[in-house]
Amino acid sequence: MPTSQTTVPGRLFADWPPIEQVLGFCLLYGAACSFGQWLMVIPGIDVTIWPPNGVVLAVLMSSRKESWVWWILLAALGELVSNYLWFHNSISAALGYIAANAMEVLFAAGIFQGFVRGQNANVGTLGKVFTFLVVGVLAAPVIGATIGSTVSVLAGKDSFWAVWPVWWLGDATGVLIAAPLVFSAIQAARNGLRPTPLQAAEAGLIGLSIILIWAFVVDQEEAYAFPLFVPILWAAIRFEITGTALAVAFLLLVIGYFSRDNLVPEDIPRFASQHAIFQILLIVLATTGYVVAASVRQHRKAMEELSKANSHLEQRVRDRIRDVETAHRQFQTMFENAAVGMSIINPCGTLLRVNPTLADMLGYRTDEMENRGIDSFTHPDDLRKSEEARLLLHNELQRDSYVLEKRYLRKDGETIWGLTSVSCVRDADGAISLIIKIIQDISARKELEATRQMLMQEVNHRSKNLLSLIQAIARQTGADLPKSFQESFSHRLHALAANQDLLVRSSWESIQLEALVRAQLAPFGVRRGTRFSLSGPPIQISARAAQGLGMALHELATNAAKYGSLSTDAGRVEVRWQIDELGFTISWREFGGPEITRPPKRAGFGTTVIDSLIRSTLDAKVTIDYAASGLTWTCRCPEKSLHM
């Protein structure tokens, strides 16, 4: 499969900068060269300040490395044009100076861009300012001055040490002034920044102060140049890096203008020395201005971020306050209009707030109940119950809620029942700070339950009377029958009555299996605990299951008392039940009774009760083992049969 490959020239031209950037660079570079030539005020010294290197450095630091070769070539072309127009060096010397400047800016740009880790470099922070000063202003011009001074020696112009200090000072000053200025211009173009009329007027005042101060310095001596710090710092504080760069460039323009007048040959050595002092002054002024400007920018940025964070925090606080107010209104509405009684109580049990529903429930006004103890409204017989429930919130388990049914006293002395739901709010240390109590009036339900219980007791009473009547009729009717029939029939009726009592006490809903077993075995001495062994987990069974199991247990106990282990003094019975993955299992096992020689020849009604009745009632599987050591009866059924 053919593959497309990009040639080296193709890749090179792919990194050619956009034409508008090239034109802008050419204009800037030409202006910098012209400005440097205009500052040639000392006879015999070609360049005293060289701003073009600052232009190239700023462009390289703001561009991708892949495009640097084009900017260097454009700068070399511009320098060749400058050499042709103003400096008239030989081609070999001009190429040597171009190489010196190229090595200088490439070194500075590479180090600086590696430090800031990005292509859009600038000098907006203190760290970047110090890097720019050390690398671009101090170190890089050493490279250019060394190579350039060597070229001058080879060209036969001047000695190395005569050229080197002037070159280094000229490059350092030019980079220090031009690079931040170009940085600012590039960022202003990218961000579309324009000064406001007020800013332009203030900048004009700074420029006017520079002119006036320098005019004063010219009339006096360079020792009086220290007031120049005022406009430079003014520009740094008000306009940061851009303002500092413009102010220093304008100061250089003013110095150049005033330095061109009244220069006579005999003053050249003094003027050259004075010019070097002014260059050092410019470096000090610019360095101070950039450091202050970077500090101001960082401070403003920090203040802006702090302001944004503060605004965000204030907005969050406002939102939180609004949410809290909304939640408070919603709670207030719910609290005031709830259909149940509600109260807020302090840890000591004092009512802090009471809603109208609770006040109406107890026959008070809300202000009559608030600031009183909740126990003052509790029925005296339920005070202990309330205290025991309240201790659940304070013990080591630290329960956060409980539900309790108790009685309350109305203002008129009437008693009402309340379903009380209590929850607490704890502080950071786990201590109770508030208790919330919701009370529902269940007096009507309690009256209904009492009525139902009374009716069930009446039905139970009538059922027992009916069973007694049936027993009497059976005795009279079966007077000619064996006495054993009458006793067996009577005992079965008593077992049915015992089941009836248990179910009535549980409102015919469900009962504990162990309670059922003990009730059926009570006539046979289960309470003494020596002849019976009962074991199994707590299990609730339905009324239907209780009737079937109760009759079966009664038959088993009766047969054991007549023929099995309960017919001897040493006999015992073990009753066990469990629930596992196979379902429910209950077993009756006899020990220590008479030896069983053979199963009964015929199945009587008792066998029907412990076998067929249980099978149909519980959908169970029943096994009866007539082992010589004693009878074993086992019933297995699905767990769901216990609750049907």
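The values are calculated or read from the model by the stated rules, or taken from the named source; none is laboratory data. Predicted, not measured: the structure shown is a model, and the values here were computed from it. Every residue, glycine among them, receives a Cβ derived from its backbone with ideal geometry; neighbour counts consider all protein chains shown. Side chains are part of the model used for accessible areas, which takes the heavy atoms of the whole protein and leaves out ligands, DNA and RNA. Shrake-Rupley method; radii C 1.70, N 1.55, O 1.52, S 1.80 Å.
Quick one: is T420 in contact with a strand residue (DSSP E or B) (Cβ under 6 Å, 6 or more places away or on another chain), hydroxyl-bearing (S, T, Y) and loosely packed, with under 14 Cβ neighbours inside 10 Å?
The answer is no for T420.
Could you go through the range 330-343 and let me know if any residue there is among the polar types (S, T, N, Q), in contact (Cβ under 8 Å) with a residue 12 or more places away in the chain and in a helix (DSSP H, G or I).
Within the range 330-343, not a single residue is among the polar types (S, T, N, Q), in contact (Cβ under 8 Å) with a residue 12 or more places away in the chain and in a helix (DSSP H, G or I).
Just give me the residues in the range 359-373 being hydroxyl-bearing (S, T, Y) and touching a strand residue (DSSP E or B) at 6+ places or on another chain (Cβ under 6 Å), in sequence order.
Within the range 359-373, just T366 meets the criteria.
Identify all residues within the range 298-354 that are open to solvent by 100 Å² or more (accessible area, probe 1.4 Å) and either under 25 Å from R426 (Cα atoms) or touching a helix residue (DSSP H, G or I) at 6+ places or on another chain (Cβ under 6 Å) (or both); write none if there are none.
R320, R322, H328, R329, Q330, C348
For the range 631-644, how many residues meet the condition of being open to solvent by less than 50 Å² (accessible area, probe 1.4 Å), part of a strand (DSSP E or B) and over 10 Å from W588 (Cα atoms)?
Qualifying residue count for the region: 1.
Quick one: is I541 open to solvent by 20 Å² or more (accessible area, probe 1.4 Å) and in a strand (DSSP E or B)?
no
Exactly one condition in (1) modelled with pLDDT under 85; (2) under 25 Å from T242 (Cβ atoms) is false for N89; which is it?
With (1) modelled with pLDDT under 85; (2) under 25 Å from T242 (Cβ atoms) applied to N89, the lone miss is (2).
From V217, V151, which residue is over 49 Å from the mean Cα position of the chain (by Cα), farther than 20 Å from M61 by Cα and in contact (Cβ under 8 Å) with a residue 24 or more places away in the chain?
The conditions single out V151.
Quick check on my filter: what residues within the range 409-435 are without any contact (Cβ under 8 Å) to a residue 60 or more places away in the chain and farther than 19 Å from D360 by Cβ?
Result: V422, S423, C424, V425, R426, D427, A428, D429, G430.
Could you check how many residues of the range 543-561 are of a type outside the set (G, A, S) and closer than 14 Å to G630 by Cβ?
Total satisfying the criteria: 2.
Yes or no: V284 under 28 Å from V166 (Cβ atoms), at pLDDT 85 or above, of a type in the set (V, I, T) and out of contact with any His (no Cβ under 8 Å at 6 or more places or on another chain)?
yes
Considering the range 243-258 alone, what residues qualify as being within 17 Å of Q187 (Cβ to Cβ) and either touching a residue at least 60 places away in the same chain (Cβ under 8 Å) or in contact with a strand residue (DSSP E or B) (Cβ under 9 Å, 6 or more places away or on another chain) (or both)?
Selection gives T244, A245, L246, A249.
Quick check: is even one residue across the range 575-597 of a type in the set (A, V, I, L, M, F, W, C), modelled with pLDDT under 80 and touching a helix residue (DSSP H, G or I) at 6+ places or on another chain (Cβ under 9 Å)?
No; the residues of the range 575-597 include none that is of a type in the set (A, V, I, L, M, F, W, C), modelled with pLDDT under 80 and touching a helix residue (DSSP H, G or I) at 6+ places or on another chain (Cβ under 9 Å).
Between a residue in the range 374-392 that is of a type in the set (S, T, N, Q) and any residue that is assigned to a helix (DSSP H, G or I), which pairs come within a Cβ distance under 7 Å, given they are 6 or more apart or on different chains?
If the second residue must be assigned to a helix (DSSP H, G or I), the pairs left are T378/S386; S386/D375.
Tell me, please, whether a residue that is crowded, with 16+ Cβ neighbours inside 10 Å, part of a helix (DSSP H, G or I) and not β-branched (V, I, T) can be found in the range 369-376.
Within the range 369-376, one or more residues are crowded, with 16+ Cβ neighbours inside 10 Å, part of a helix (DSSP H, G or I) and not β-branched (V, I, T).
Which residue out of A189, A172, A200 is hydrophobic (A, V, I, L, M, F, W, C), surrounded by fewer than 14 Cβ atoms within 10 Å (Cβ to Cβ) and at pLDDT 85 or above?
Result of the check over A189, A172, A200: A200.
Residues of the range 544-571 being among the acidic types (D, E) and crowded, with 24+ Cβ neighbours inside 10 Å, which ones?
E555
Among the numbered criteria (1) open to solvent by 10 Å² or more (accessible area, probe 1.4 Å); (2) within 26 Å of Q113 (Cα to Cα), which single criterion is violated by W86?
(2)
Name the single residue that is most open to solvent (accessible area, probe 1.4 Å) among those in the range 605-625 being of a type outside the set (V, I, T) and under 60 Å from the mean Cα position of the chain (by Cα).
Selected residue: K621.
Among the residues of the range 442-459, are any within 23 Å of I345 (Cα to Cα) and either of a type in the set (A, V, I, L, M) or modelled with pLDDT of 85 or more (or both)?
yes
How many residues are part of a loop (DSSP other than H, G, I, E, B) and open to solvent by 50 Å² or more (accessible area, probe 1.4 Å) when one looks only at the range 432-446?
0
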